Amino acid sequence: ALRRAMTESFPSDPVPVAVATSDLPRRAVSAVMMLAMAGTALWLGGAVLRTFIALVALACFVEFVLLVVRATQSLPSRLAAILAGAAYIGGAAAILVQLPASSIVLLVGAIICVDTFAYFFGRSIGGPKIAPKISPSKTWAGLLGGVVGASLWIALFSSFAAPGDMPLFASRSEAALLVGIGALVAIAAQSGDFFESWLKRRAGKKDSSNLIPGHGGVFDRVDGMLPVALLFGIVAAFN
């Protein structure tokens, strides 16, 4: 989501710097407010955190439904899509409300690193696109960057959370495990991004809504978090 928003602010056709950066103050203010609200919810934890997650999920689902209404023609397909979206978004939210704050920080940090590293790898290396008809800005180099970013974040987080169990410079087998987990997180996060991009194209919309000034809608912000949360829940269920 972050990489998409950044690439939308820097399209492939040359534009004046003043135009490309004209909304940066608004985006910065919105980002600070979002971080403040999320950080406060994480800090307080408990019912406050669960309520925050539920409100975010509700806003995301409303935006999803509005996109589906625009993207579908028949009532049966529309209802099926809405039910699937309820399971998709509701399932992710149900997993997140059961997690401790530290695990949510791990997931959110991994997704932020996926988006950030994917953006810079994609911009600096370029190369073939993954699915240009769905999301023209995403490249295989960007996906590699996402894997690197997620792996580094998981390694750093693990080394501070349990320094005796997972040192920063792990053995080869532990390093391979970290990279494997990072790859799964990066693929899941970008799959969620692709799904939302596809749905928005079907609906003829650039953003899921205009709720967050300079950032689009809530769905735009959490599209990568949804499949990662589901993946986390699936893995946890078998452990």
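Residues that are open to solvent by 20 Å² or more (accessible area, probe 1.4 Å), touching a residue at least 12 places away in the same chain (Cβ under 8 Å), in a loop (DSSP other than H, G, I, E, B) and closer than 20 Å to A59 by Cβ within the stretch 174-213 comprise K205, K206, D207, S209, L211, P213, listed in sequence order.
Just one of the listed residues (A131, A87, A101) is modelled with pLDDT under 90, closer than 16 Å to A229 by Cβ and open to solvent by 20 Å² or more (accessible area, probe 1.4 Å), and it is A101. Checking each residue in the stretch 134-145 for being open to solvent by 20 Å² or more (accessible area, probe 1.4 Å) and either part of a helix (DSSP H, G or I) or closer than 12 Å to A189 by Cα (or both) picks out W140, L143, L144.
The set of residues in the stretch 104-118 being over 16 Å from V48 (Cα atoms), open to solvent by less than 50 Å² (accessible area, probe 1.4 Å) and in contact (Cβ under 8 Å) with a residue 60 or more places away in the chain consists of L107, A110, I111, V114, D115, T116, A118.
Residues that are farther than 18 Å from K205 by Cβ and not in a helix (DSSP H, G or I) within the stretch 67-100 comprise S74, L99, P100, listed in sequence order. One residue alone among A47, A31 is farther than 20 Å from G192 by Cα, free of Cβ contacts under 8 Å to residues at least 40 places away in the same chain and either open to solvent by less than 40 Å² (accessible area, probe 1.4 Å) or in a helix (DSSP H, G or I) (or both), and that residue is A47.
The values are calculated or read from the model by the stated rules, or taken from the named source; none is laboratory data. Source: prediction; values computed, not measured. Neighbour counts run over all protein chains shown; Cβ positions are idealised from the backbone, glycine included. Please note that ligands, DNA and RNA were not included when accessible areas were found on the heavy atoms of the full protein model with its side chains. Shrake-Rupley method; radii C 1.70, N 1.55, O 1.52, S 1.80 Å.
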